[in-house]
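Worksheet for the structure shown next.
The values are calculated or read from the model by the stated rules, or taken from the named source; none is laboratory data. These numbers come from a predicted model, not from an experiment. Heads up, the Cβs are rebuilt from the backbone with ideal geometry, glycines too, and the neighbour counts pull from every protein chain shown.
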């Protein structure tokens, strides 16, 4: 465990693809859906394999602070940083604070809302990235092989090899496809494309210079840049390292269903619920005092969260998200209910 390494865990910046389980004030990463443990807890424990607890920072929107605080032990509540600006601006502010503590530090950032496999693969990735960042001064991003074509993921087409002592230790970035379409993912996979994990590591001093440049170039009134498309795609010193992570950012209920045991009728179920003459459905509920009864359905998605119920054909989630955007833009009161 390096004494110069700090960690930033981001919570609540997920794309909210799992609505209504993923809400603005209560992200899915803070819901105990996996054996009673949240994805946030798993990410926190994973980060502690490479970063000392007092060198961790947890960045989350103000409305999520209380949710995170209820999960963490009270002694660590001081590590929570309420997000007050855009993603890049907030990470820049936290990095400035870290630079004052230790000017020669490195920082690893990781989103809480993903599955990342075993801790050893994560530790290996961080150590490889730290060595590469130290040797080159570049921002280093962890990647995984494209094992299955999926839309909406960030994809990188690797370029030339970065060689140290006769060994390939990383690659530069030839092209970046943010939230790529299925056709873009297929084309990139045919050319050796890699999924971007959202795990980044940099030398703090170098990052501050690059981030300040990008922030100063952002036109007034424009959306504040995020880390992937707003920052990394605009800097030159960006490298990637491959990893053996069993990685999944859970961008859809179909992604989530891969981790849920099916019953004899191929239904994926979590939470209080009953099914009758139902097949190939996803039925989820986080309401401990409620009950979902599904009868006579096939290939449907049924999700209950609090007093909200989503019911649609499996695979129609993008249509649902589009409907949510349309309803929200038309009615402010409805938009608040849907957040």
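Data table
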{"read-out": "Options 123, 147: the member that is at pLDDT 90 or above, more than 25 Å from residue 214 (Cα to Cα), surrounded by fewer than 19 Cβ atoms within 10 Å (Cβ to Cβ) and out of contact with any strand residue (DSSP E or B) (no Cβ under 7 Å at 6 or more places or on another chain)", "value": "123"}
{"read-out": "Of residues in region 78-116 being assigned to a loop (DSSP other than H, G, I, E, B) and in contact with a strand residue (DSSP E or B) (Cβ under 9 Å, 6 or more places away or on another chain), the one surrounded by the fewest Cβ atoms within 10 Å (Cβ to Cβ)", "value": "104"}
{"read-out": "Wholly enclosed strands (runs of 3 or more DSSP E) of region 119-202 bearing at least 2 residues under 17 Å from the mean Cα position of the chain (by Cα), assigned by TED's automatic domain parsing to the domain that holds residue 321 and touching a residue at least 12 places away in the same chain (Cβ under 8 Å)", "value": "none"}
{"read-out": "Identity of the residue in region 16-59, surrounded by fewer than 17 Cβ atoms within 10 Å (Cβ to Cβ) and modelled with pLDDT under 90, that ends up farthest from residue 96 (Cα to Cα)", "value": "35"}
{"read-out": "Looking only at region 60-75, and only at residues there that are in contact with a strand residue (DSSP E or B) (Cβ under 8 Å, 6 or more places away or on another chain) and part of a helix (DSSP H, G or I), the one that is surrounded by the fewest Cβ atoms within 10 Å (Cβ to Cβ)", "value": "62"}
